[in-house]
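So the structure is just underneath, and the comments pick up after that.
All of the numbers you see were taken from the coordinates with simple rules; none came from a lab. Only a predicted model underlies this, so the values are computations on that prediction, with no experimental measurement involved. A quick note on method: Cβ atoms are made from the backbone with ideal geometry, for glycine too, and the neighbour counts reach across all protein chains shown.
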Amino acid sequence: MLARRLGKPTGDRWISVGRLPELRGVDLDTSTGDLAIGAATTLVDLASSPLARIHAPLLTAAAGAAASAGIRSIATIGGNLLDTPSASDPAAAAVALGASFVVRSAVGERLVPVRALPVSTLAVEANELVVSLRVPSGAGAGWSLQRLQTQGRGDRPALTVAVHVATGGGGPAGIRAAATFLADRLVDLGDLGGAVPADGRGPSTAALIADAALAATDRALQAGAVLLDDTRASAGYRRAVVGVLAARAVAEASGRRAA
Amino acid sequence: MTGHSERRWAGLDSSDPMMDALERVTGRTRYAIDVTVPGMAHVVLVRSPVPAGRIRRLETDAASRAAGVLRVVTGEDVEAAGLAGVRFGTMAKDQPILGVEYVSFAGDAIAAVVAETAAQAHAAAALVVPHIERASAVFDPDEALAADAVTVHPGRPDNVLGRWQLANGALASARSEAAFRMRHEFSSPAAQHVSLEPHVCLARWEDGQLETWTTSQNPSRVAEELIRIFNLEAGQVRLHVPSLGGAYGGKNHAKHEPLVAFVARLVGRPVRLANRREDEFVTVTKHPARISIESGVDHGGRFVYRTARLRWSGGAHALSSLAVMRAGGIAVLGPYRIPAAEVESVVAYTNLPPAGSFRGLGVNQAAWAGEQQVDLVAAELGLDPIEFRRRNLVRAGDRLWTGEPAGDARWLDCLERAVADLESATPDRRASRPRPEPGLDHPDRRRGRGVAVVMKHTITPSRSEAVVALRPDGHVEVRTSAVDMGQGSPTVLARIAGRALGIGLDRVHPILPDTAITPFDATSSSSRVTFAVGEAVERAARDLLDRLLEAASVALGVPPDELHRSDGRSIAPDGRQVDDAAVAARIRLPELTGTATFVNEPAEDVETGKPVSSSHWHQGALAVQVAVDRATGVVEIERAHGAAWAGEVVSVPGARLQNEGNVIFGLGQTLWERLEFDADGRPSPVTMLDYRIPSLLDVPAAFTAVALEAEPSGHRERHGLGESLIPAVAPAVGNAVAAAVDVRLVDLPLHPERVRAAIVAADESRNGGATMA
């Protein structure tokens, strides 16, 4: 409907799937341990889901922070991720968590990683429907959502960095991060854990993480991403602070990780 | 602190709401956009895409043929009606009804499309093709004032919209005697008022009578303009002002009313114009300003002299520019003892959207400069900035830098209270959101504290009239042309009338402006309603009371001066009583009225014989604590504590809301609001998606804003509180940021990107070019 109001090309006929119960709610797939979130689950329902808060606290934090209270009560997680994912707090969280869309048709279903989202909406075939979001359980994992707001707390961020630190192992690996509101597409900052030397020697961890995040951003730019440049922040400012937020996110997430 | 208290009115406490609060928050308040009349059509403006040029031709055929269009009105229609030479404006007659020959800013109205629906009018307006011979434009006030500048308006070759100068004391000798001399320059950007309700105007003509519903803070003046423009008698214009959804000075000018009335007469139908949000940004803005200020002090840390030079960009029309120029000029040096001073304040025409009055009326820009420089001077002397202010603030009996007596000087009381609340471990948190005060959770966060003290005049002289009428049912109507903008004026005026008459609020009915029945009022701006209209209402209510007691004395057979009043009844010493409805019935008149006029004439300085600038001063101080993130530049206002001089509080919740609103309103302009103009003078951003205003989420974790009152036994002049704190927000925060990270920003807003850039530059400078870690 928003696209229609904005004058973008849309179809002639619309079918509302908003009230299909199969597309709503949060469940745990006991066979895989993954969280299954119906695509039509509203952000407010997701944010307040006890199950999701245990298994994907990063995602519930992002869902609870996105947009405004009024919008969160209407917007769905599927819609939020698929409509301009580059400007979505939950999208950053979903990428850091390694989440995937479940796309179903009459003949079967396929998984599409959120991090594979193109610049705009995910392409689905005519007979397909995005039915849910599958999120590997992050229970006990470390997480952090860093939102930098430059025009007040009621505004969308100028930059969001989400970080997920895997449980177990005790080592530095398994630090996945993503950034939104940074460029014209989702920026997967990848595994920042590789930047941290196992012996902890050398430059500070924060500086190494910041450098790694900046390098990942620059790789995304070389691959065609274009930094956002708007009233909230210039492109240069966004690039300058992405590492700062990433380092803070890793520090916070590491502190939250279960021993 | 001495000489004041925070005593609450007996019988009135914070549970007393604003009279219209429930209607406003439940969406039942009727605004101008809600008014419809039979046969109403809609008018949409066609705006100039360029900032300057001659209108050669307008292609209107396609628009005229578009669905629903009744007429496309152009300058030729204005010319044919003999109104091409008409100019209007509150302070300078420089606004045409519609562009006839030339355009003076991008957004200037060059045609008006009238259609059955607003959507049809908008669609057709897009079909009008203007042919404008583009001319050079000027956007910067200093460039506009240069000798070789292009001219914004023919006939005004120097682009000088106004100039105000004042000097006092022996400046030359003071300069030579000063132990320290410092000069700094500051600037402020354009901004927009962003009242939730945009400008709306509806006009209809019936039998040669013009009736208008409009969003104006100035109904009496706008009615006068319409009478003049259309050559009418006073009784031929009736102007209504429903409740406004905010104004903040942006509706203090005649804007669309003459055009809408003209179009309605031309098409023979009632028509309504309702601005879209983007139209608001070219209708009126806040003045961009550039201010240089110089101070000299002695070894004892006292001002020896101060001078300032202010340059304002007025945009293409004057609106309230002359008042802004003067108010900022008076306020820029602050409420300090300054033996010698000189100020020059000049406002220039530029090819930008018109700038008008804006909550704070130029004092925001002035205090941003003046109060930051106070801290810079204190730092140069190695003095604590609060102590420096204590040494220099005027007290009762002192004179202001203008040479006039400071009058009821309470600035020091305001400062001490604000500082005490900031330093208090347990400040009054009633106004605070239940959000814990954030800690310094990472090493990049640095804390700092800052204060600012402000002075602002009120319009002097000005006139307010009031009628207070007892109806046959024993209820009382309070008729004034004070505009209800959400600031609570109906509640305040009703309380004043009710108290004077000895009746409860349930029987007092404030009437919104309707020039057919409400008397003249100068303006609902300058924080003057509580003061000036309130005084008129109190006098009118006492006038009514005299008549009421006379009538009651006849009924009770007791002299009027032996009666006392309680709950709408006049009571004799022996207990016999008569209620107001019975008195009203006895006199057999439609109503019993009391009337009054209040004029705040400028008092004459007994020593100099000169009139004073203001009949009293709005006085306030703000103390804040900020946390600055050095790595991102984000400034968080953790604590804000304000104190404003009220003299006498009429409505406790109203005073609190006004004071808090001052600070919250100022946060956005301090931290992120800024209107930029492109190469064609077009503003950006122009949507509320990108032009953000503060929300309750931005309220500091610890936040108080108190209204200080005089002792009950003393003289208790009521002060308006609409602007006493807002000018203090930006300089207090600027001073706190400087204290936190040792970086002084001289241009607003303190957007994270600008703060970070300043920190990086300072670090590079300190490190000899090395970049920040």
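How do the peptides B:588-599, B:35-46 rank, highest first, by the average count of neighbouring beta carbon atoms within 10 Å per residue?
Details: B:588-599: 15.8, B:35-46: 18.2.
Most protected by this proxy first, the peptides run B:35-46, B:588-599.
Using the Cβ atoms and a cut-off under 10 Å, what net charge is assigned to the surroundings of B:Pro354, where Lys and Arg are +1 and Asp and Glu are -1?
Working: positive: B:Lys255; negative: B:Asp94, B:Asp108.
Result for the local shell: -1.
Evaluate 2.2 N^0.38 Å with N set to the residue count of chain A, then give the Cα radius of gyration divided by it. Can you show the working numbers first?
Working: Rg = 18.0 Å, N = 259, 2.2 N^0.38 = 18.2 Å.
Dividing the Cα radius of gyration by 2.2 N^0.38 Å gives 0.99.
Mark the label point 7 Å from the Cα of B:Ala81 along Cα→Cβ and return the residues of segment B:99-133 whose backbone N is within less than 16 Å of it.
B:99-101, B:109-115
Test of understanding: what is the full-extension gain from B:Arg586 to B:Arg181, defined as 0.36 nm times their sequence separation minus their Cα-Cα distance?
Numbers: separation 405, 0.36 × 405 = 145.80 nm, distance 7.41 nm.
So the extension gain works out to 138.4 nm.
Counting each pair of different Cα atoms once, what's the Kirkwood radius of the protein assembly as shown in Å, rounded to one decimal?
Kirkwood hydrodynamic radius for the protein assembly as shown: 31.5 Å.
Per residue of B:688-698, count partner chain C-beta atoms within 10 Å of its C-beta, then hand back the mean as an integer.
Values: counts 0, 3, 6, 2, 9, 4, 5, 5, 2, 6, 6.
Counting other chains' Cβ atoms within 10 Å and averaging over B:688-698 gives 4.
Report the one residue of A:Val102, A:Gln146, A:Leu81 whose Cα lies farthest in the direction of the positive end of the charge dipole of segment A:73-147 (charges on C-beta: Lys and Arg +1, Asp and Glu -1; origin at the Cα centre).
The residue sitting farthest along the positive end of the dipole is A:Gln146.
Give me, ordered by chain and number, the residues 5 or more places off A:Leu159 or on other chains with an amide H under 5 Å from its own placed amide H.
Here the answer is A:Leu148, since their amide H atoms fall under 5 Å of that of A:Leu159.
Can you compute the helix-only [θ] at 222 nm over chain B? Use -39500 (n - 2.57) per DSSP H run of at least 4 residues, normalise by all residues, nearest 500 deg cm²/dmol. Working shown, then result.
Working: 19 runs with 210 residues, N = 773.
After summing the helix terms and dividing by residue count, I get -8000 deg cm²/dmol.
Take every Cα pair under 8 Å in chain B that's 6+ residues apart, average their separations, divide by the length, and report that relative contact order as a whole percent.
Working: 1960 pairs, mean separation 118.4, N = 773.
It comes to 15 percent, rounded to a whole number.
At 7 Å along Cα-to-Cβ for each site, give me the label-to-label distance between B:Glu380 and B:Arg766 in nm.
2.2
Please report the net charge: other residues with Cβ closer than 15 Å to the Cβ of B:Ala679, K and R +1, D and E -1. The partial results should precede the final answer.
Working: positive: B:Arg134, B:Arg682; negative: B:Asp140, B:Glu143, B:Glu676, B:Asp678, B:Asp680.
Around B:Ala679, the surrounding residues sum to -3.
Could you work out the local net charge near B:Val467, counting Lys and Arg as +1, Asp and Glu as -1, over the other residues with Cβ closer than 10 Å to its Cβ? It would help to have the intermediate numbers written out before the result.
On the way: positive: B:Arg479; negative: B:Glu465, B:Glu477, B:Asp543, B:Glu591.
For residues surrounding B:Val467, the net value is -3.
Considering Cα pairs under 8 angstrom that are at least six residues apart, work out the relative contact order of chain A and quote it in whole percent.
17
Here is the link list: B:Lys93/B:Lys610; B:Lys255/B:Lys286; B:Lys251/B:Lys610; B:Lys93/B:Lys251; B:Lys93/B:Lys456. Which ones come out longer than 21 Å on Cα distance? All intermediate terms of the calculation are to be shown ahead of the outcome.
On the way: B:Lys93/B:Lys610 28 Å; B:Lys255/B:Lys286 16 Å; B:Lys251/B:Lys610 32 Å; B:Lys93/B:Lys251 17 Å; B:Lys93/B:Lys456 26 Å.
In this structure, B:Lys93/B:Lys610; B:Lys251/B:Lys610; B:Lys93/B:Lys456 exceed 21 Å between Cα atoms.
Only four residue types carry charge here, +1 at the Cβ of Lys and Arg and -1 at the Cβ of Asp and Glu. Report the dipole size of chain B about the Cα centre in Debye, rounded to the nearest 20. Spell out each step's value before the answer.
On the way: 83 positive and 97 negative charges, 73 e Å.
In total the dipole reaches around 360 debye.
Going by C-beta contacts inside 10 Å, put B:Thr215, A:Thr76, B:Thr687 in order with the fewest on the left.
Values: B:Thr215 29, A:Thr76 22, B:Thr687 12.
Arranged by neighbour count, lowest to highest, B:Thr215, A:Thr76, B:Thr687 become B:Thr687, A:Thr76, B:Thr215.
Summarise the partner chain shielding of B:746-757 as one whole number: the mean count of Cβ atoms from other chains within 10 Å of each residue's Cβ. Numbers along the way, then the final one.
On the way: counts 0, 0, 0, 2, 0, 7, 9, 10, 2, 0, 4, 4.
Average neighbour count from other chains, rounded to a whole number: 3.
What GluC sites (Glu not before Pro) does segment B:594-679 have in DSSP loop regions with at most 10 other beta carbons within 10 Å? Provide the component values of the computation, followed by the final result.
Working: sites: B:Glu604, B:Glu607, B:Glu636, B:Glu638, B:Glu648, B:Glu660, B:Glu673, B:Glu676; in loops: B:Glu607, B:Glu648, B:Glu673.
For GluC sites (Glu not before Pro) across segment B:594-679 that sit outside H, G, I, E and B with at most 10 neighbouring Cβ atoms in 10 Å, the list reads B:Glu607.
Helices from chain A with mean Kyte-Doolittle at least -1.0 and a Cα length along the axis of 24 Å or more, per DSSP H: which?
Values: long enough: A:205-222 (25 Å, 0.77); A:235-256 (31 Å, 0.38).
Membrane-span-like by this rule: A:205-222, A:235-256.
Please work out whether chain B counts as rounded, prolate or oblate from its C-alpha gyration tensor, where a ≥ b ≥ c are the square roots of the eigenvalues and a/c under 1.5 means rounded, while otherwise a/b larger than b/c means prolate and anything else oblate? Please list the in-between numbers first.
On the way: a/c = 1.71, a/b = 1.07, b/c = 1.60.
Note, shape of chain B comes out oblate.
Assuming R0 = 60 Å, can you tell me the calculated FRET efficiency for the pair B:Asp207 and A:Arg19, based on Cβ-Cβ distance, to the nearest 0.05? Display every interim value, and only then the final one.
Numbers: r = 57 Å, r/R0 = 0.94.
That gives a FRET efficiency of 0.60.
Rounded to the nearest 500, what is the 222 nm mean residue ellipticity of chain A from helices alone, with -39500 (n - 2.57) per DSSP H run of 4+ residues and division by all residues?
On the way: 9 runs with 84 residues, N = 259.
Result for chain A, helices only: -9500 deg cm²/dmol.
Cβ neighbours within 10 Å, averaged per peptide: list A:154-167, B:142-155 in order, most packed at the top.
My ranking of the peptides, most packed first, is A:154-167, B:142-155.
Round to a whole angstrom and tell me the spacing of the C-alpha centers of segment B:33-54 and segment B:295-358.
Each part's Cα centre sits 35 Å from the other's.
Can you pull the mean other chain C-beta count within 10 Å for peptide B:417-423?
Across the residues of B:417-423, the mean count of other-chain Cβ atoms within 10 Å is 0.
Once the Cβ-Cβ distance between B:Arg30 and B:Thr597 is put in as r, and R0 is 25 Å, what FRET efficiency do you end up with, to the nearest 0.05? Each step should come with its number before you reach the end.
Working: r = 29 Å, r/R0 = 1.18.
Rounded to the nearest 0.05, the efficiency is 0.25.
Among A:221-233, B:70-82, what's the highest-first ranking by average C-beta atoms within 10 angstrom per residue?
Listed from highest to lowest mean packing, they are B:70-82, A:221-233.
Need the C-alpha centroid separation for segment B:637-705 versus segment A:58-119, integer Å.
For segment B:637-705 versus segment A:58-119, the Cα centre distance is 35 Å.
Would you mind pulling out the separation of the Cα centroids of segment B:205-246 and segment B:550-576, in Å?
Using only Cα atoms, the two centres lie 42 Å from each other.
Subtract the Cα-Cα distance of B:Ala119 and B:Glu607 from 0.36 nm times their separation in residues, and report this length gain in nm to one decimal. Display every interim value, and only then the final one.
Values: separation 488, 0.36 × 488 = 175.68 nm, distance 6.33 nm.
In short, 169.3 nm is gained.
How high is the relative contact order of segment B:589-725, given as a whole-number percent (alpha carbon pairs under 8 Å, six or more residues apart)? Mind showing how you got there, number by number?
Values: 183 pairs, mean separation 43.9, N = 137.
With pairs under 8 Å counted, the relative contact order is 32 percent.
So for B:Lys251, B:Lys610, fewest C-beta neighbours within 10 Å to most, what's the order? Before the final figure, lay out the partial values.
Working: B:Lys251 30, B:Lys610 12.
Fewest-to-most ranking of B:Lys251, B:Lys610: B:Lys610, B:Lys251.
So for segment B:84-164, what are the equivalent ellipsoid semi-axes in whole Å, largest first, each being the square root of 5 times an eigenvalue of the Cα gyration tensor?
Over the Cα atoms of segment B:84-164, the ellipsoid semi-axes are 30, 16, 11 Å.
Using only the Cα atoms of segment B:603-737, construct the convex hull and provide its projected area averaged over every direction, in square nanometres to one decimal. All intermediate terms of the calculation are to be shown ahead of the outcome.
Values: hull surface 51.1 nm².
Its Cα hull, projected and averaged over all orientations, spans 12.8 nm².
For segment B:117-195, with the dipole built from +1 on Lys and Arg beta-carbon atoms and -1 on Asp and Glu ones, taken about the Cα centre, which of B:Leu145, B:Ala170, B:Gly155 lies farthest toward the positive end?
B:Ala170
DSSP H helices in chain B with Cα extent of 27 Å or more along the helix axis and mean Kyte-Doolittle hydropathy at least 0.0?
On the way: long enough: B:534-556 (31 Å, 0.26); B:652-671 (29 Å, 0.15).
Answer set is B:534-556, B:652-671.
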